[in-house]
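The values are calculated or read from the model by the stated rules, or taken from the named source; none is laboratory data. Since we're looking at a predicted model, the values are computed, not measured. With ligands, DNA and RNA removed, areas are computed over all heavy atoms of the protein, side chains included. Shrake-Rupley method; radii C 1.70, N 1.55, O 1.52, S 1.80 Å.
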Amino acid sequence: MDGRNVEYGPDFIAQAIRWHWPPVLEELDRRWSFDYAVVENSQLYRAQALDASPRWALVFWDDAGLVYLKRQARNDSLIARKAYALLQPNRPDFAYLLPLLANKKKAAKVLAEIDRSVAESPENINARQMKAFCLDA
């Protein structure tokens, strides 16, 4: 969404405000056939609908935003290389990582995903805090 409220109309704006509700996201996607989603990484866990959906893959994140690709043929190669399988960085806390960290193989994968995020966005403070949490757990 951008500032062109008149062009979009009140019905679309009302839906867009609630995009993070799974039924609304599905309806918007049916109508507009999204290929990707760029979401603000804020304290509100608005990315939950995307994290929970098997149709979406997180491929980039930093302190400012998250980028998701829809799982479809044209995105398959990028998703295969870049998808985060374990991290959900827009969640309000890191407690969801604790069960993963209890398993040595999964813990190594979690740390590898965090390290990749730091490499892709060196100023990513959230990733560094996440890593500190994991190493302290």
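Looking only at F12, F60, F34, which one moves most when the chain is put into a Gaussian network model with springs between Cα atoms under 10 Å?
Judging by the Gaussian network model, the answer is F12.
Each residue of the range 53-68 in order: what ³J(HN,Hα) in whole Hz does its phi give by Karplus 6.51 cos²θ - 1.76 cosθ + 1.60, θ = phi - 60°, with x for Gly and Pro?
Whole-Hz 3J(HN,Hα) from phi for the range 53-68: 8, x, 8, 10, 10, 6, 10, 7, 7, 8, 5, 8, x, 10, 10, 10.
List the pair-distance distribution P(r) of the range 1-136, using every Cα-Cα distance, as the percent of pairs falling in each 10 Å bin from 0 up to the bin containing the longest distance, rounded to whole percents.
Pairs per bin, as whole percents: 11, 39, 33, 14, 3, 0.
Can you compute the equivalent ellipsoid semi-axes for the range 7-62, i.e. the square root of 5 times each eigenvalue of the Cα gyration tensor, sorted largest first and rounded to whole Å?
Working through the eigenvalues yields semi-axes of 19, 13, 11 Å.
³J(HN,Hα) across the range 34-47 via Karplus (A = 6.51, B = -1.76, C = 1.60, θ = phi - 60°), whole Hz, x for Gly/Pro?
Taking θ as phi minus 60°, the curve returns 4, 9, 8, 9, 10, 10, 5, 8, 10, 5, 7, 7, 6, 7 Hz for the range 34-47.
Could you tell me what percent of the accessible area of the chain is made up of carbon and sulfur, with a 1.4 Å probe and every protein chain present?
Roughly 56 percent of what the probe reaches on the chain is carbon or sulfur.
Please give the length that would be gained between D11 and V38 if that part of the chain were fully extended, namely 0.36 nm times their separation in residues minus their C-alpha to C-alpha distance (nm, one decimal).
Result for the pair: 7.6 nm of gain on full extension.
Over all Cα pairs of the range 73-113, how is the pair count split among 10 Å bins, expressed in % and running from 0 up to the last occupied bin?
With 10 Å bins starting at 0, P(r) equals 27, 44, 24, 4.
Cα-Cα over 20 Å: which of K82/K106; K70/K131; K82/K109; K70/K106; K70/K105?
K70/K131; K70/K106; K70/K105
For the chain, what does the accessible surface come to per residue with a 1.4 Å probe? Please give it in Å².
Accessible surface, normalised per residue, equals 62 Å².
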